[in-house]
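A.B. asks: Have a look at this one before I ask anything.
The values are calculated or read from the model by the stated rules, or taken from the named source; none is laboratory data. Predicted, not measured: the structure shown is a model, and the values here were computed from it. Using ideal geometry, Cβ is built from the backbone for each residue, glycine included, and neighbour counts are taken over all protein chains shown.
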Amino acid sequence: MTHKYDDTFMIVSICLAAGILSFALVYFVRKYFQGGQFKNRDIRLDAKVVIITGANSGIGKETAVECAKRGARVYMGCRDANRMEKARQEILDKSGSQNVFGLELDLASMESIRKFVRTFLSMERRLHVLINNGGVMACPKGYTKDGFELHFGTNHLGHFYLTNLLLDLLKKTAPSRVITVSSMAHRWGRIDKDDINCEKEYRPWDAYMQSKLCNVLFSRHLARKLRGTGVTTYCLHPGTINTELTRYLNRCMMILAKPFLWVFFKSAKSGAQTTLYCAMEPTIAGTTGKYYSDCKMKDLDPHAKDDAMAEWLWRISEKLTGLNR
């Protein structure tokens with residue numbers, strides 16, 4: 001009988017030890033995959049004005065919470081007014097701030113962007129940080145209200161147009177920063193000059209990767225155009241995050257993969273850390289046009305540093321958005 005109890009105790013002990021070890025392993029693996037964290041807690045944004053596109057969910061909302069906590073006047077630019085207001089209330093509650101405002105902004109509509117800018121300029125005479133965060137990923141073939149392929153039109157042209165309409169104010173309020181959320185996916189992106197609108201052939205991931213490469217080239221070229229103005233630009237990869245950007249992926253696959261995603265993907269809060277770093281870190285104030293990931297500067301592949309392609313992209317973007325008229 002004693003041997004039986006000893007054997008049972010040993011089995012229970014082994015199972016308990018295995019469980020504790022497994023829990024610890026999962027905890028540390030998840031912690032590792034959360035990536036670099038912005039640890040400078042002393043920086044304040046009192047009296048600073050910040051615009052964040054796509055701030056009603058994911059890393060945009062987490063960015064808004066942290067900026068509001070630090071004293072900034074935060075303007076959310078979101079497409080859906082009801083969802084924006086719900087998110088705004090959550091941000092107010094979490095941040096303890098009363099200076100969070102929501103303005104409708106559909107990056108897939110040039111008229112909506114113009115209206116957003118007009119409304120913002122009627123409310124503010126300063127802008128210190130513009131965070132180009134909103135976007136779409138791997139969505140079915142579609143076009144913006146102005147006839148541009150959805151990824152190219154929203155992720156690139158929308159932010160290109162918005163930024164240019166706000167440049168005079170950014171210069172006036174300098175030192176100021178423009179942060180554009182790109183993705184590591186830009187590494188596999190290629191720009192097809194003959195079919196940038198994906199009219200001849202459409203593959204969701206190719207269109208997404210092209211738009212993320214556009215983000216990088218735009219940020220780098222903008223930096224060159226703004227040298228000496230006090231406006232600096234930064235582009236970044238937030239990490240692999242399970243946010244609403246994945247809504248177009250196979251739902252069954254996403255449900256089955258949820259435990260895996262929880263362990264190996266970043267949380268929205270961790271995904272916002274590099275954005276916050278680029279928006280606030282004082283040691284990078286003297287740099288511009290660089291690319292960051294996990295709160296560190298990273299090198300780019302040669303095709304993402306193609307100045308001739310960046311110049312072509314800027315010219316065609318001016319033409320498509322009507323900026324050069």
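A.B. asks: Give the residue, chosen from ARG73, ARG118, that is more than 24 Å from SER267 (Cβ to Cβ) and touching a strand residue (DSSP E or B) at 6+ places or on another chain (Cβ under 7 Å).
C.D. replies: Details: ARG118 fails: touching a strand residue (DSSP E or B) at 6+ places or on another chain (Cβ under 7 Å).
Selected residue: ARG73, the only one of ARG73, ARG118 that is more than 24 Å from SER267 (Cβ to Cβ) and touching a strand residue (DSSP E or B) at 6+ places or on another chain (Cβ under 7 Å).
Each row is one residue, and each column tells you yes or no for (1) surrounded by 23 or more Cβ atoms within 10 Å (Cβ to Cβ); (2) over 28 Å from LYS172 (Cα atoms).
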{"position": "GLY54", "(1), (2)": "yes, no"}
{"position": "GLY60", "(1), (2)": "yes, no"}
{"position": "ALA64", "(1), (2)": "yes, no"}
{"position": "ASP80", "(1), (2)": "no, yes"}
{"position": "SER97", "(1), (2)": "no, no"}
{"position": "PHE101", "(1), (2)": "no, no"}
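A.B. asks: Among the residues of region 275-285, is there at least one that is in a helix (DSSP H, G or I), at pLDDT 95 or above, under 23 Å from ILE43 (Cα atoms) and aromatic (Phe, Trp, Tyr)?
C.D. replies: yes
A.B. asks: Filter region 288-310 for residues that are surrounded by 13 or more Cβ atoms within 10 Å (Cβ to Cβ), closer than 14 Å to LYS225 by Cβ and either in contact with a Phe, Trp or Tyr (Cβ under 6 Å, 6 or more places away or on another chain) or of a type outside the set (Val, Ile, Thr) (or both) and give the result.
C.D. replies: Passing the criteria: GLY289, ALA310.
A.B. asks: Being among the charged types (D, E, K, R) and in contact (Cβ under 8 Å) with a residue 60 or more places away in the chain: is that true of ARG203 here? Quick ask: steps written out before the conclusion?
C.D. replies: Working: among the charged types (D, E, K, R): yes; in contact (Cβ under 8 Å) with a residue 60 or more places away in the chain: no.
Against the criterion (among the charged types (D, E, K, R) and in contact (Cβ under 8 Å) with a residue 60 or more places away in the chain), ARG203 does not qualify.
A.B. asks: Being farther than 22 Å from LYS298 by Cβ and assigned to a helix (DSSP H, G or I) is true for just one of LEU213, LEU217, LEU170, LEU222. Which residue is that?
C.D. replies: Testing whether each residue is farther than 22 Å from LYS298 by Cβ and assigned to a helix (DSSP H, G or I) leaves just LEU170.
A.B. asks: Right, another one. Quick one: in region 115-142, of everything that is β-branched (Val, Ile, Thr) and in contact with a Ser or Thr (Cβ under 8 Å, 6 or more places away or on another chain), which residue is surrounded by the most Cβ atoms within 10 Å (Cβ to Cβ)?
C.D. replies: Among those residues, the one meeting the criterion is ILE131.
A.B. asks: Find the residue count for region 292-325, including only residues that are more than 23 Å from TRP188 (Cβ to Cβ) and either in a strand (DSSP E or B) or among the basic types (Lys, Arg) (or both).
C.D. replies: Of the residues in region 292-325, 3 are more than 23 Å from TRP188 (Cβ to Cβ) and either in a strand (DSSP E or B) or among the basic types (Lys, Arg) (or both).
A.B. asks: Here is a follow-up. Report, ordered by the first and then the second residue, all pairs with beta carbons closer than 7 Å, sequence separation of six or more or different chains, a first member in region 42-70 that is over 11 Å from SER97 (Cβ atoms), and a second member that is among the charged types (D, E, K, R) and surrounded by 24 or more Cβ atoms within 10 Å (Cβ to Cβ).
C.D. replies: ALA55/LYS61
A.B. asks: Scan region 114-125 and tell me whether some residue there is outside any helix (DSSP H, G or I) and in contact with a helix residue (DSSP H, G or I) (Cβ under 9 Å, 6 or more places away or on another chain). Lay out the reasoning, then the answer.
C.D. replies: We begin by selecting, within region 114-125, every residue outside any helix (DSSP H, G or I); these are 124-125.
Then keep just the ones that are in contact with a helix residue (DSSP H, G or I) (Cβ under 9 Å, 6 or more places away or on another chain); that gives 124-125.
Checked region 114-125: at least one residue is outside any helix (DSSP H, G or I) and in contact with a helix residue (DSSP H, G or I) (Cβ under 9 Å, 6 or more places away or on another chain).
A.B. asks: Among the residues of region 199-210, is any surrounded by fewer than 24 Cβ atoms within 10 Å (Cβ to Cβ), of a type outside the set (Lys, Arg), part of a helix (DSSP H, G or I) and within 15 Å of the chain's Cα centre (by Cα)?
C.D. replies: Yes, the conditions are met somewhere in region 199-210.
A.B. asks: May I pose another question? Would you mind finding the one in LYS86, LYS145, LYS69, LYS48 that is surrounded by fewer than 22 Cβ atoms within 10 Å (Cβ to Cβ) and under 23 Å from TRP314 (Cα atoms)?
C.D. replies: Residue meeting the stated conditions: LYS145.
A.B. asks: Identify all residues within region 142-180 that are closer than 18 Å to VAL50 by Cα and among the basic types (Lys, Arg); write none if there are none.
C.D. replies: LYS171, LYS172, ARG177 - these are the residues of region 142-180 that are closer than 18 Å to VAL50 by Cα and among the basic types (Lys, Arg).
A.B. asks: May I pose another question? List every residue pair whose Cβ atoms sit under 9 Å apart, with the two residues 6 or more apart in sequence or on different chains, where the first one lies in region 88-102 and is on the phi > 0 side of the Ramachandran plot and in contact (Cβ under 8 Å) with a residue 12 or more places away in the chain and the second, anywhere, is outside any strand (DSSP E or B) and surrounded by 15 or more Cβ atoms within 10 Å (Cβ to Cβ).
C.D. replies: Going by the 9 Å Cβ cut-off, the qualifying pairs are GLY96/ALA68; GLY96/LYS69.
A.B. asks: Count, please, the residues in region 184-198 that happen to be more than 14 Å from the chain's Cα centre (by Cα) and closer than 24 Å to ALA272 by Cα.
C.D. replies: Final tally of qualifying residues: 3.
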